[in-house]
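Data first, discussion second: the structure below is written as C-alpha cells.
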Amino acid sequence: MALRLGDIAPDFTAETTEGTINFHEWLGNSWGMIFSHPADFTPVCTTELGRTAQLTDEFAKRGVKVIAVSVDPLESHTEWVKDINETQNTTVNFPMIADKDRQVAELYDMIHPNASEKSTVRSVFIIGPDKKIKLTLTYPASTGRNFTEILRVIDSLQLTANYQVATPADWTEGQDVIVVPAVSTEDAIKKFPKGVTIVKPYLRTTPQPNK
Ligand code: BEZ
C-alpha cells in the first residue's frame with residue numbers, strides 16, 4: 001500500500017555515494033527529505049540535483065538532511081555527479097542511494113509501472129524528527145520539481161510543528177498565518193502576542209510568530 005502522511009518513513013540500509021547508510025540512524029533527530037530520480041545521466045534529473053546542491057544552505061538552515069535515490073549503480077552515480085557539478089556549477093554534497101535492486105524504490109512505492117516499468121517517478125517525502133512522513137509529492141519524469149515550493153512547504157510544516165499555526169493559500173515567508181482550529185480564540189489571544197484578527201470564528205490570522 002502507498003505510504004500516507006503520518007506513517008513512519010520505512011527504514012533501510014543502503015549503499016550511497018557517501019558510504020553505507022542506515023536511514024533512521026542517518027536522520028537522527030533531524031528533518032529529512034528523500035527524493036527519487038528516474039535515472040542517471042538524464043537532463044531533468046541533472047538540473048534537479050544541481051538545484052538541490054545549490055540550495056544546501058537553505059536546507060541546512062531548516063535542519064533538513066537531504067538524500068537522493070535512483071535505481072542505478074554506485075559507479076554510475078559517481079560518474080554522473082561529476083557532470084552535475086560541472087554543468088550546474090555546484091558541488092553535490094548529499095548522499096545519493098544506489099538502489100540497483102530497487103529496495104528503497106519499492107519500500108517508498110516510487111515505481112509506478114503504468115508510467116514506467118523500469119524507472120522511478122519523481123517522488124518527494126519530507127520526514128519529521130519523529131520519523132513520520134509529513135509531505136508526499138509525485139511528479140512525472142518529464143517535469144522538474146520546484147525546489148522553492150519544497151522549501152516553502154518545509155517552512156509551513158515547521159511553523160505548524162512549533163507554533164500551532166497553519167499557512168493560507170500561496171503563503172510565503174513573512175506573511176500572516178492562520179491559527180489552527182484546535183486553539184480556542186481565548187487561548188490564541190494569549191499565545192500570539194502580536195495580535196489575532198478574527199475574520200470569522202473559524203478563520204483567525206496572526207503575524208508569523210517567528211519573524
Ligand atoms: C529526465 O530525467 O531528464 C527525464 C527522464 C524521463 C523522461 C524525460 C526526462
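Laboratory data are not the source of any read-out in this text; all were calculated from the coordinates shown. Every value quoted in this text rests on a predicted model; they were computed, and no experiment measured them. A quick note on method: Cβ atoms are made from the backbone with ideal geometry, for glycine too, and the neighbour counts reach across all protein chains shown.
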Quiz item: When region 82-91 is examined, which residues are found to be part of a helix (DSSP H, G or I), surrounded by fewer than 18 Cβ atoms within 10 Å (Cβ to Cβ) and not basic (Lys, Arg)?
Solution: 83, 85, 86, 87
Quiz item: Looking at this structure, is residue 120 farther than 30 Å from residue 189 by Cα, within 13 Å of the ligand (Cβ to nearest atom) and touching a helix residue (DSSP H, G or I) at 6+ places or on another chain (Cβ under 7 Å)?
Solution: yes
Quiz item: In region 130-140, is there at least one residue being within 16 Å of the ligand (Cβ to nearest atom), under 17 Å from residue 47 (Cβ atoms) and part of a loop (DSSP other than H, G, I, E, B)?
Solution: yes
Quiz item: How do the strands (runs of 3 or more DSSP E) wholly within region 1-75 filter down when requiring 3 or more residues that are surrounded by 14 or more Cβ atoms within 10 Å (Cβ to Cβ), away from the ligand (no atom under 16 Å from the Cβ) and in contact (Cβ under 8 Å) with a residue 60 or more places away in the chain: which remain?
Solution: 13-16, 31-36
Quiz item: Among the residues of region 93-117 satisfying the criterion of being within 16 Å of the ligand (Cβ to nearest atom) and touching a residue at least 60 places away in the same chain (Cβ under 8 Å), which is nearest to residue 41 (Cα to Cα)?
Solution: 96
Quiz item: Restricting the search to region 156-195, which residues are part of a helix (DSSP H, G or I) and touching a Lys or Arg at 6+ places or on another chain (Cβ under 7 Å)?
Solution: 157, 158, 185, 188
Quiz item: Hey, any hits in region 99-114 for a residue that's of a type in the set (D, E, K, R) and touching a His at 6+ places or on another chain (Cβ under 8 Å)?
Solution: no
